[in-house]
1. On the given criteria, is A:Glu714 within 23 Å of A:Val849 (Cα to Cα) and either touching a Ser or Thr at 6+ places or on another chain (Cβ under 7 Å) or within 14 Å of chain B (Cβ to nearest Cβ) (or both)?
2. Which of the strands (runs of 3 or more DSSP E) contained wholly in segment B:149-212 include at least 1 residues that are within 22 Å of A:His592 (Cα to Cα)?
3. Only residues that are open to solvent by 40 Å² or more (accessible area, probe 1.4 Å) and more than 11 Å from chain B (Cβ to nearest Cβ): list them for segment A:146-178, please.
4. Can you pull out the residues in segment A:4-13 that are open to solvent by 20 Å² or more (accessible area, probe 1.4 Å) and assigned to a loop (DSSP other than H, G, I, E, B)?
5. Only one of (1) within 25 Å of B:Thr70 (Cβ to Cβ); (2) away from chain B (no Cβ under 14 Å); (3) in contact with a His (Cβ under 9 Å, 6 or more places away or on another chain) fails for A:Val685. Which number is that?
6. So which residues in segment B:9-23 are closer than 16 Å to B:Trp209 by Cβ and either among the charged types (D, E, K, R) or in a helix (DSSP H, G or I) (or both)?
7. Tell me, which strands (runs of 3 or more DSSP E) lie completely within segment B:24-100 with 1 or more residues that are within 14 Å of chain A (Cβ to nearest Cβ)?
8. Here is a check on your reading of the model: is A:Ser52 within 33 Å of the chain's Cα centre (by Cα), at pLDDT 95 or above and not aliphatic (A, V, I, L, M)?
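The values are calculated or read from the model by the stated rules, or taken from the named source; none is laboratory data. Note that the structure is predicted; figures quoted are calculated from it, not measured. Positions of Cβ are generated from backbone atoms using ideal geometry, with glycine treated the same way; all protein chains shown enter the neighbour counts. Accessible surface is based on the protein model in full, side chains and every heavy atom, while ligands, DNA and RNA are left aside. Shrake-Rupley method; radii C 1.70, N 1.55, O 1.52, S 1.80 Å.
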Amino acid sequence: MTSTRLPAPMGLLIDRDQPLGFEFAGQRYQGLAGDSVASALLANQRWLLSRSFKYHRPRGPLTMAGQDANTLVQLPDEPNALADRFPLTAGLRVEGQNYSGSLDNDRGAALGLLGRFLPVGFYYRTFFRPLGVWDQWEKFIRKTAGLGHADLNFKPQYHDKEYRFYDVVVVGAGPAGMQAALTAAAAGVSVLLVEEQSLLGGALSYHQFEADGESTRAQREALITQVENAPNIDVMLNATCNGWFTDNYLPVIQGNRMHKVRARECIVASGAYEQHVVFRNNDLPGILLCSAAERLMSWHAVKPGQRAVVLTGNDEGYSTALMLHAQGVDVAAVVDLRPELHNPVLAQALAGQQIPLMQHSTVFEALATKGNKHIRGVDIRRISGRGQVDSHSTLIDCDLLCMSGGYMPAYQLLCQAGAQLSYSDERCAFSLSKLPDHLHIAGSVNGMHSLDKVLADGVRAATQALVNLGLSDSVAEPVTCDRVVNPEWPIFPHPKGKEFVDFDEDLQAKDIVNATKLGYRDIQLVKRFSTVGMGPSQGRHSALPTARLVADATDRTVTETGVTTARPPFHAEKLAHVAGRIFSPYRQTAMHHRHLEMGAQMMPAGSWQRPAYYGPAVERDRRVQEEAQHVRSKVGVIDVSTLGGIEVRGPDAAEFMNRIYTFAFLKQPVGRTRYAVFTNEQGVVVDDGVASRLAEDHFYVSTTTSGADAVYREMTRWNAQWRLDVDIYNVTSAYAAVNVAGPDARKVMEQLVEDVDLSPEGFPYLAYREGTISGIPARMMRVGFVGELGYEIHVPSSYGEALWDLLLEAGKPWQIRPFGVESQRLLRLEKGHIIVSQDTDGMSHPGEVGLEWAVNRKKPFFVGCRSVDIMMSLPQKRQLVGFRLPADSPRPKEGHLVLRGDDVTGNVTSCEYSSTMGGIIGMAYAAVQDATPGSHIHIRVDGGKSVTAEVVSLPFYDADNARQEL
Amino acid sequence: MSQLKIDTPSPVVFSKRSPIYRQQAGALFAERDGAAIALQVTDTESRAQLQQSALLDLSATFRSGVRGRTASQWLGQQQLPLPAQANQSVTTRDGELVLRLGNSELWILGNPLRDNSTLAKQLQSAPASAGCYPLSCQHSHSWFVLSGECRSAVMAKLCGVDMRESVFGPGALAMTSVARVSAIVVSHELQGVPVFSILSDCTSATYMWQALLDALQEFGGSDAGIASLLPAN
């Protein structure tokens, strides 16, 4: 393969001294640094880059700007990469996609011959009957329709996000965008200039706004120099503003990062998309937009062909022809769709170069080489009416056809912001209006098509932004441009079809018209039925011809027809960009690493990480039983730092506690703890804990691990109404806590605590004491959650690990060992203590779960008191009961149903084998009739079997509470 | 200014420990307010590195706080300056920081480069009065410092608040979310080096430390000790 490049100043992006070898479709090629994959391939005369979605037609680049689906290729680890955007790198291996056989010889191309049997809406109309037919076809169709393949061994790359803040953000660094940025920056504001391509300049970087292009180059260089020298302008190249959200919140994607940009003022200078002309075979490789040919030459120094025809509906095509000629391309003709000459100067320039001009004519059909792999000529006809041509044909041989069917404003961001698109029959173009405050529009997206107007519009938009920022009191004078760049009707149906409106979806002009004939008159319905605009290019080139065709077919104006809704993202966006660097906060107690060192199996508890038990996972059951037995017979220690901790302080602390919790707290003695149940306004038990009274005006109350934030939130919410004189302080993280439990617990404590009387009389069950443990300030409570002599010790969390170390060292003579959450759950189950949210649900009131004793019915108020009264006065339907099963019975699991005949009366909430009790024990909701000890309940276990369990009174263990009160 | 005691080989010598002391394994530690603070993490640390980008753990350093309707008066009684308004901080002549988190919540952060036992004694001996309640911020929050020129850019990857120098200069304070964890971010200087102090839930300290280090890597930053900030350097 040979590669020839045009001389400078062509080739703005390439480095001619850095050749890069790469592969495409199994063949080796050489490109240059700065090339895109597509430009490097075209430099090697490789035009066939992809196959179309439906008919598998050969496709080459259309825009050379990443705006169409013709350049989708397969990279080793990524499908659907845009070859005209993806930068070439040394050794890159690229493949085509969506073909059967090879890219050059695709068996799927035969589908093109069956086109007449695959009308618009074919799938919807064919595969819905007979019933089940879709199941037969789906596999085949999915295989046929897929684009590219995902590498399932792909190693995710690092993606992240960044917040940015600017006074003014300008989207698009063409002449309007650069001028707007400079105008804004001159007032001293911070400016971000976002450009999708890898260079500044927009159309100035490739298009000649006059015959020789010299002043265009000078203008571009001058603007770039000013932008680069402006210290308050940040430039982002290769960056796509992928959406507009309220208050100018702009996601800008650059590389692997999504920048979340906040702009006080936003100026969209996104330009306009050049449109194709609709004629037969307008998709052949070698047919591309005028701007694409200019980009190829200006950016990559690639000569796009040897003999060209230019088909245009505006003066820009004349410039393209002159540029092609200047770069050594034989321009066989300029075919102008318009009936009259608009720019005699350019026409004269063409004549000066002996380039024939054919007025009021069109390409009626592009002629293809074998297999439709490239254009070999064009059939030119005079236009006889709207979409009509004469029968006289002029055939011209060529290997390049450049076309310009006008422009469509890059409206997507603006329409996302609520702007309105209106069509002007006079200008044959859409325009935008009704922009929200602080969003501005400038340049060709605003209908400006001469350079002086584009620049003036940039100044105007920036001036308005500065007025909004209070930095200018100038009146931003409107800029008007009367240049018409869109031909009236660049659509020429052919009897043999294949005149494509939407290249992505292989939709022809007749497909759009037929959709309307089938009743889909609304543009949104046309889109969904025909899939027009639903491909990767999202209607950039199909929206305008579709609007025209639908309007014509339904006797409406184009404005009435409109375009389909533009939604973010503007360009294809990877989920990795949306996810970014995933922040998943976790919480660890002060003793976390000690648990790991001791072999704990950690389990999540909300965002906390807690030890479930200690030892290998395969020994789970044995370890849990051993740990529980050790607590029953000797002494164990468990990390309970995850329990919520809330301080209630102030003169009204007791009154506050009395209102929040169900129990009575006004007369709770200082130095005592009390069980605290929290019900919501519906009377449902939502949390519980232990309230310690530290002083007359000071309570320290624990909550469940998962309930801390919610309880704190509810407390502050209620006191916003009550206005009691209290301070409510969430100290969950400030304290680390352990529970030392077992018959030897006091002996361990005596090794460490010198300033507290630990005797049963000095520190009885349910008492609260403050002291020190080897110098560490500690809050201590006599608790009985696991049913043994127990001390809950709370210390400032910075001392948590040291406390753990001290306890394990001091407890060695009594073989102290840690126990985990699973073991604690067994121990408390043996003791018949509920866990709120495990043994309760969204309907559980205190009476159902045996907590009547913890509800003070004499006090005037507590949260939920009225609901509790009502529910407890109603006939009760279910009751939480304890049940037993023999050790060799199938073990019910939490959630298994309790049945009474065929009726579900409840479910199992807790169940475990207990070596202490010598059998399976559990708690379950049962019908009230079955709640009496000695009754039996039927539980449906795994496999649909039913087991019959005996209802027993709670607790299972130590019914007279002798052990915890030692 | 007192000299650091460099004869303390391991943070576990102290009962009071930073929640992330293990993250700086191999560092040279020194005593600070009854716990260990990393003096030097690598041999190549310098003031220049801190001026560029570095992450320090000051969790050991003394801090306290009060809140309530009389909190401001209490602060005045302690001869400490009150920031003019909420969400601001003031650095005292002795290098302590006073944070005003709201109209009725004040935190006092000790000077990490000196012993704060005098301040600690002073504040502990001034019991909270009616309407003024002590806060456990010493133990509820870790204290990390993100130093240097890149600090705003680092935070831009983790936090939605604009922390550029022009809008978040010395004295500014934000109660916000950093890497999805509630945090207090304070802009101030430490021995002439511009820094952000980040105070966040100590139970998420390991997560936060790693998130900050991850964000820092792009700028060539890493964790460091306080040695290069000490006057002798």
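1. no
2. B:181-190, B:193-201
3. A:Leu147, A:His149, A:Ala150, A:Asp151, A:Leu152, A:Asn153, A:Phe154, A:Lys155, A:Pro156, A:Gln157, listed by residue number.
4. Passing the criteria: A:Thr4, A:Pro7, A:Ala8, A:Pro9, A:Leu12, A:Leu13.
5. If we test A:Val685 against (1) within 25 Å of B:Thr70 (Cβ to Cβ); (2) away from chain B (no Cβ under 14 Å); (3) in contact with a His (Cβ under 9 Å, 6 or more places away or on another chain), just (1) comes out false.
6. Of everything in segment B:9-23, those that are closer than 16 Å to B:Trp209 by Cβ and either among the charged types (D, E, K, R) or in a helix (DSSP H, G or I) (or both) turn out to be B:Pro11, B:Arg17, B:Tyr21, B:Arg22, B:Gln23.
7. In segment B:24-100, the matching strands (runs of 3 or more DSSP E) lie at B:28-32, B:35-40, B:54-57, B:63-67.
8. no
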